[in-house]
Structure formats: C-alpha cells, structure tokens
Amino acid sequence: MNILLITLDQFRGDCLGVAGHPIVQTPHLDRLAREGLRLARHYSQAAPCGPGRACLYTGTYQMNNRVVANGSPLDARFDNIALAARRAGYEPTLFGYTDQAVDPRVTSGPDDARLRSYEGVLPGFAIGCDLPAGEPVAWTSWLRDQGYDVSDDAAEAYGSEPVRPAEVSQSAFLTDRFLDWMRGQTRPWFAHLSQLRPHPPYKAAGHFSTMYDPDAMPDPVPMGDERHWLHDALLQQKQLSAPADAAKLRRIRAQYFGMISEVDHQLGRVWAALEARGQWDETLIVVTADHGEQLGDQGLLQKAGFFEASYHILGIVRDPRPGKVRGAIVDQYTENVDLMPTLCDAMGVAVPAQCDGVALTPFLDGEVPEMWRDAAAWEFDWRGVLIQLGVAEAPGARGLEQHCLAVRRSEGLAYVQFGDGSYRCFDLAADPTWRTEVSDPAIVLREAQAMLAWRARHTDRTLTGLVIDNGVKGRWPAMPAGWGEG
C-alpha cells in the first residue's frame, strides 16, 4: 500500500464545502471525505509552524517535545513518522518542507549549514523536492527559466502570484515535481506532500485571486470587551493584527478562500494521476494542517494565542483497504498527535512509546472506541512575541517558562491555563465566540483538575515501561522503537 501524507499549511477546519462552509469550494477534498473518514473536530497541538509540525511528526505534545517556537530544535532522541516508515520498508520522500530545526548536538559544529535556518528536513526523509517556505529557490529559479520576472518577489518569494497564471504557481510547481516522481516509482511508496498554501501572504494564484467576491465574505468573530493581556500583546504585532479597514479584511478573506480552492485544485490533479495509474485504491491518503488561521477572528490574523481558529484544522483519512469506512464522520475530538500512531498501525510497525496520541484505527474500521478523549488540547508559547515587543523577562525562577499556556477544549467549554498561574474559562455553549466566561467556580475547578489529570497522563513514558532486573524486562508500554537494533 502506498502512503501519501499531505499537509496544507494554515488550513482552517471550517473551510470545507463538505463541512458546510457557505462560500469556499473544495470539491476534491470533499470527494476524499465522502470516500473516507472526515475528522470533524480535529485539532493541531501547537502554533506556529515548527511547533505544530513537531507534534504532528512525533505524535507528542509540546510539553514533551519542547519545540516552543520556529527555530526551537527538535531533540534528536525523538522518533518520527519518517523513521517509522523506514522501519516498515519504505523510503519516505519529502516534497516541500517540514520546518524542523536540527538538534545542534548532532551537527558537525558551528559552521554546519543546518544551523543557518530552522527550515530543516525532518530526520528520515529523502528529498524529492526541497522547497522551504521562506526561500523556495527551486521554484523561483524555474520561474526565471520560464521567462517570468521575479525581481519584485525578493521580500516574499510568492508575493506576486496573482499576476502570473495559476499553472505556474508554487502549489502547481510542487505538485508537478511530486507527480513526476510518483510516475517513476515501481514499488510501494511513502510521500509527504507539504504544500505551503493557504499560508500567507494573502495573494491567491492567477484566476483564483478573483474567484471570490470580497463583498460576499462573512464577517469575522469580533473581539470581546475584556481581553487578556496576551490578546492585547498579539494585537500589537503588525503581522498578527487584522486591519481595522473592513474592506481590506474582506479582501484578505477572499484571497484566503482563493488559496484554498487553488490548493484543492492541485489535489484534484493528484487524485486523477493516482486513478490513471490504477493506484487510487492502493494508496492511503491523510490530509491535515500544521495549525489554523484566525482570518480576522478576535481581531487577529495568522496563528497565535489560545483561540480555537488557530488550532481547529481539517483532517481527512482515506484508507483504501477492504472493510474501511467510506463517507464516515468522527464527531469525537481528534488530534494531530493521533496521526503518527494511525500511520504506524497502517504500516504494521509498533507505535512508539513516546506517542501521546492514539491510533484512529477503530474509527477507520467503523467502530467507536469504548474509551476516547472527551476534550482536545493545545499549547502556545509566546516568549518570542515578548522578545519582539522588547518586554523584559518575567521575574523569578524560570521566568521564560511563565510565557506559555495550555487549553482544554471540551463540550461547551474552553479552559485556558497560563504559565503565570492565571486562567480563563469560556462558556462556549452559551457563546461560541469566546467572549463569555464561566461564572460558576465549581465548573472552573473541575476543568482545572481535568487539565492537571491530562498533564499527569501524558508525561514522557519512553522508558517508564521497562525494568532493569537481570536483563531488560518490558512492561506496558512496549519496548521503545528500534530497541536492540544496530
């Protein structure tokens, strides 16, 4: 069985036609959902890109992997989905980027080229097309060869996409490279297609930039009257603050929807190529995102803070094997940390003990597990935001570690715990816009205790199931992946 892991960067969970979005058109993602499993309440575990992807690729929460910002190194001790694929006999191949900074302890020293950018390649991946988001040289060089002037694109290498045909967009270029590679494969393959779009800048490619009328855009969720100081700090960041001009914000939202429809179009090309090669029913496809997009909600753009729009993402799994579900919807809370265990199950390799997520295999088999989480969790660390604002480190021991939060999103409630000891608890049943707080202290206490229990259950367990006693004896969980090899 082939395996295709697709990430669409910054893709909001509500922006799917099949999910009931009133405007955005996603016919190819809709088709995949109708033929597979749609995760209606699927969440990323961290933002921005580097932290979100670290959770996805390792199956671990941020409190365990400690990738707290773009540029935070991913500890080399962690297993990941590419290494698991190699144990299953694949040569996992990357098209795009993974945004994982190298552990400096495994480099050759301060002159190692990998230390010059956080947009490193996750260990285990072969490179089919390396296209870092910040510097997609392969694409811009190709554009020049095609006769396009990209001199105005220096600051944002994909900033002029609306003035060029959609057929030469960054998404189209990466799709072409993947399809060329796929056609040359003669054995089962594992590919990670990591598309940048709909990540900003908010400029869709070619005719997709005019696909949606700005005047038809729905209004964003407004800000509350009483804001946490972190919310105000985020609003001071130029790249995170939504424009006050309503017309400009409507144009941004229209371009975002255009980017979604363009990348959906590229996926349609992938589906058609798989069918033409007779591999549609031989390929397991997973589609997700590294995080969401505020899109003006709560006065913010991009991804940051504790609001749901930054973490609720799309999630679709199509398993072609006989007996797997078709057109099913999971209303339980699912998380990106569940995807590594799910793919390990599908590949027939053991789920590493490090994984905080749980395989979605029962849902793919049409079953609902007897025990499943009753809430989703995500984390955000903003020490980098404060540094940019020139705010001094908080007083006291381990001051930087106070600049973080964790969210427990359960049915009708959202509890936010801040590293400085403060909290907020939102009544989403009464007001889904995150502007009304819970007034009953008993409910707040219950949610705080539930978060404590969540953290206690998910501390690192890599070696906790082993006992050294006249040799190594394994208990639950099983032996770590790779134990005894080499």
**OP:** Please find, among VAL263, VAL286, VAL221, VAL270, the residue that is β-branched (Val, Ile, Thr), in a strand (DSSP E or B) and crowded, with 17+ Cβ neighbours inside 10 Å.
**Re:** VAL286
**OP:** Of the conditions (1) in a loop (DSSP other than H, G, I, E, B); (2) surrounded by 13 or more Cβ atoms within 10 Å (Cβ to Cβ); (3) among the hydroxyl-bearing types (Ser, Thr, Tyr), THR175 clears all except one; give me its number.
**Re:** (1)
**OP:** Hey, can you tell me all the residues within the range 96-114 that are outside any loop (DSSP other than H, G, I, E, B), in contact (Cβ under 8 Å) with a residue 12 or more places away in the chain and either farther than 19 Å from ARG53 by Cβ or of a type in the set (D, E, K, R) (or both)?
**Re:** ARG105, ARG114
Original post:
Quick check: anything in the range 59-79 farther than 16 Å from ASP290 by Cα and either buried (at least 24 other Cβ atoms within 10 Å of the Cβ) or of a type in the set (Phe, Trp, Tyr) (or both)?
Top reply: yes
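Where residues in the range 237-248 are surrounded by fewer than 18 Cβ atoms within 10 Å (Cβ to Cβ) and modelled with pLDDT of 90 or more, which of them is farthest from LEU300 (Cα to Cα)?
Kept after step one, since they are surrounded by fewer than 18 Cβ atoms within 10 Å (Cβ to Cβ), are these residues of the range 237-248: 237-239, 241, 243-248.
Filter once more, keeping what is modelled with pLDDT of 90 or more: 239, 241, 243-248.
Values: GLN239: 9, SER241: 5, PRO243: 9, ALA244: 10, ASP245: 13, ALA246: 13, ALA247: 15, LYS248: 14 Å.
Filtering the range 237-248 for residues that are surrounded by fewer than 18 Cβ atoms within 10 Å (Cβ to Cβ) and modelled with pLDDT of 90 or more, the one farthest from LEU300 (Cα to Cα) comes out as ALA247.
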**OP:** Test each condition in (1) in contact (Cβ under 8 Å) with a residue 24 or more places away in the chain; (2) of a type outside the set (Gly, Ala, Ser); (3) in a helix (DSSP H, G or I); (4) surrounded by fewer than 16 Cβ atoms within 10 Å (Cβ to Cβ) for ARG144 and report the one that comes out false.
**Re:** (1)
**OP:** Kindly list, by first and then second residue, each pair from a residue in the range 24-35 that is among the polar types (S, T, N, Q) to a residue that is in a loop (DSSP other than H, G, I, E, B), limited to pairs with Cβ atoms under 6 Å and residues at least 6 apart or on different chains.
**Re:** GLN25/GLY17; THR26/LEU16; THR26/GLY17
**OP:** Test each condition in (1) out of contact with any helix residue (DSSP H, G or I) (no Cβ under 7 Å at 6 or more places or on another chain); (2) under 12 Å from ALA191 (Cα atoms) for GLY96 and report the one that comes out false.
**Re:** (1)
**OP:** From LEU39, LEU56, grab the single residue that is part of a strand (DSSP E or B), surrounded by 24 or more Cβ atoms within 10 Å (Cβ to Cβ) and either among the hydroxyl-bearing types (Ser, Thr, Tyr) or in contact (Cβ under 8 Å) with a residue 12 or more places away in the chain (or both).
**Re:** LEU39
**OP:** Select from the range 120-163 the residues that are at pLDDT 90 or above and either polar (S, T, N, Q) or in contact with a Gly (Cβ under 6 Å, 6 or more places away or on another chain) (or both) and write down the one among them that is farthest from LEU193 (Cα to Cα).
**Re:** GLN146
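The rows are residues; the columns are (1) outside any loop (DSSP other than H, G, I, E, B); (2) surrounded by 14 or more Cβ atoms within 10 Å (Cβ to Cβ); (3) modelled with pLDDT under 95.
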position: TRP378; (1), (2), (3): yes, yes, no
position: ILE387; (1), (2), (3): yes, yes, yes
position: ALA392; (1), (2), (3): no, no, yes
position: PRO395; (1), (2), (3): no, no, yes
position: ALA406; (1), (2), (3): yes, yes, no
position: TRP434; (1), (2), (3): no, yes, no
position: ALA442; (1), (2), (3): yes, no, no
Subject >> Pairs where the first residue, in the range 206-221, is in contact (Cβ under 8 Å) with a residue 24 or more places away in the chain and the second is of a type in the set (A, V, I, L, M) and part of a loop (DSSP other than H, G, I, E, B), C-beta under 8 Å, 6+ apart >> reply: MET211/ALA204; TYR212/ILE23; TYR212/VAL24; ALA216/ILE23; MET217/ILE23; PRO218/ILE23; PRO220/ALA242; PRO220/LEU295
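Is it the case, given these coordinates, that TRP181 is surrounded by fewer than 18 Cβ atoms within 10 Å (Cβ to Cβ), out of contact with any strand residue (DSSP E or B) (no Cβ under 8 Å at 6 or more places or on another chain) and among the aromatic types (Phe, Trp, Tyr)?
No.
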Original post:
Failed condition for THR98, given (1) among the β-branched types (Val, Ile, Thr); (2) touching a Lys or Arg at 6+ places or on another chain (Cβ under 9 Å); (3) surrounded by fewer than 21 Cβ atoms within 10 Å (Cβ to Cβ), with all others met?
Top reply: (3)
Subject >> Residues satisfying the stated conditions in the range 359-377, i.e. touching a helix residue (DSSP H, G or I) at 6+ places or on another chain (Cβ under 8 Å) and within 17 Å of ARG408 (Cβ to Cβ) >> reply: ALA375, ALA377
Original post:
Of the residues that sit in the range 42-53 and are of a type in the set (Gly, Ala, Ser) and either in a loop (DSSP other than H, G, I, E, B) or surrounded by fewer than 23 Cβ atoms within 10 Å (Cβ to Cβ) (or both), which one is nearest to the chain's Cα centre (by Cα)?
Top reply: SER44
Original post:
What's the number of the condition ASP30 fails, among (1) surrounded by fewer than 23 Cβ atoms within 10 Å (Cβ to Cβ); (2) assigned to a helix (DSSP H, G or I); (3) out of contact with any Gly (no Cβ under 7 Å at 6 or more places or on another chain)?
Top reply: (3)
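Restricting attention to the range 224-243, report how many residues are assigned to a loop (DSSP other than H, G, I, E, B) and farther than 22 Å from ARG12 by Cα. Explain how you work it out, then say what you get.
First, pick out the residues of the range 224-243 that are assigned to a loop (DSSP other than H, G, I, E, B): 224-228, 236-240, 242-243.
Now restrict to residues that are farther than 22 Å from ARG12 by Cα: 225-228, 236.
Number satisfying all stated conditions: 5.
The values are calculated or read from the model by the stated rules, or taken from the named source; none is laboratory data. Please read these numbers as outputs of a predicted model, since none were measured by experiment. Cβ sites come from the backbone with ideal geometry, for glycine too, and all protein chains shown count toward neighbours.
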